[in-house]
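Q: Below is one structure. I have some questions about it.
Values in this text are rule-based calculations from the coordinates and carry no lab data. Remember, it's a predicted structure, so these values are computed and weren't measured experimentally. Quick reminder, even Gly has a Cβ in these numbers, built from the backbone with ideal geometry, and neighbours come from all protein chains shown.
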């Protein structure tokens, strides 16, 4: 198998310069036709001057110095082989590193077009896409203004934005999503996850990281009661982490990124993702506003709690466990719903 090339700043800059050149040539051709239609045989030198003035106004990305060095490009995330790059201040370039990622990215572009009319938050739009190396795709997306959900708290109005997101995802026609190649994922066994979390909690307790008795709240009968309900599958984002939520300084959710992992499956997975991103109380309030009943809300809550125990136990020997600790704290925030709900009487609302 041929080794995939390593993306570098020069690789990215050459690709973006070729896109700018193509866009400029297309613009020049259109402007030239428009100029002839409007002005007839006006002096060509004057026309060129006008065109030069047009090109000098906005729409261009900042460049690293002069002399045609190209747009300012820099990795969006740290790493030896970055595949996501900022291009100027208004675009982000995503490079698929292998064939599997290429298939996911191409599916993601089609899925975003399907999702966009159903959700109020911005979904990134691709201004150009193609191949950056043989068989490896890229997309140049518009940057959604705002900060990361890991950096900004979501306000009460932002919770309504999240509710609208969950509502919109439920409204996306499942059959159309599957036609695009979106896979269907079976619901996870909460009881199997609970057993794994109990073992992980003992390791965390030994390291003085977690009180293992907190998992006693989720008994085997309770886990059975919170099994996913038949015929409840919807389109789910499946990775609603804080890094995929674009949140403005006023706490509004302005955009949702990272649609490559979307599946048709258990809606509680997105509730769980929101619990890690914004905390359990906000996640459950958003899900309730979206029309989900106690059962899927509590299932999402406990999926998140068990996941965070497992992830922190796995990362305990790592250099930086700040994020796993933060997510565990968010997931284990108490909520009123679990205090007032008898699992035997929990409703079966979707």
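Q: First obtain the Kirkwood hydrodynamic radius of segment 72-119 from its Cα pairs, then insert it into the Stokes-Einstein equation at 20 °C and 1.002 mPa s, and state the resulting D in µm² per second as a whole number.
A: D = 175 µm²/s.
Q: Round to the nearest 0.05 the FRET efficiency obtained for residue 142 and residue 17 when R0 = 25 Å and r is the Cβ-Cβ distance.
A: On the way: r = 19 Å, r/R0 = 0.75.
Result of the calculation: an efficiency of 0.85.
Q: Expected output is a single nm value to one decimal: the length gained when fully extending between residue 171 and residue 189, i.e. 0.36 nm times separation in residues minus the C-alpha distance. What is it?
A: 3.9 nm
Q: Right, something else. Please compute the modelled spin-label separation between residue 178 and residue 9, points set 7 Å along Cα→Cβ, answer in nm with one decimal.
A: 4.8 nm
Q: Report the label-to-label distance for residue 336 and residue 227 in nanometres (one decimal), using points 7 Å from each Cα along the Cα→Cβ vector.
A: 3.2 nm
Q: Now, a different point. Express in nm, to one decimal, how much length is gained between residue 317 and residue 125 on full extension, taking 0.36 nm for each residue of separation and deducting their alpha carbon distance.
A: Answer, rounded to one decimal: 65.2 nm.
Q: If you take the beta carbon distance between residue 156 and residue 249 as r and set R0 to 25 Å, what does 1/(1 + (r/R0)^6) give as a FRET efficiency, to the nearest 0.05?
A: Details: r = 15 Å, r/R0 = 0.60.
Computed FRET efficiency for residue 156 and residue 249 comes out at 0.95.
Q: Can you give me the convex hull volume of the Cα atoms of segment 265-339, divided per residue and expressed in Å³?
A: 77 Å³
Q: Using a simple spin-label model with points 7 Å from Cα along the Cα→Cβ vector, what separation in nm is obtained for residue 110 and residue 208?
A: 5.5 nm
Q: To make sure I understand, if each residue's beta carbon is the centre and we count other beta carbons within 10 Å, what order do 271, 335 fall in, fewest to most? List each step's numbers first, then the result.
A: Details: 271 29, 335 19.
Ranking 271, 335 by Cβ neighbours within 10 Å, fewest first, gives 335, 271.
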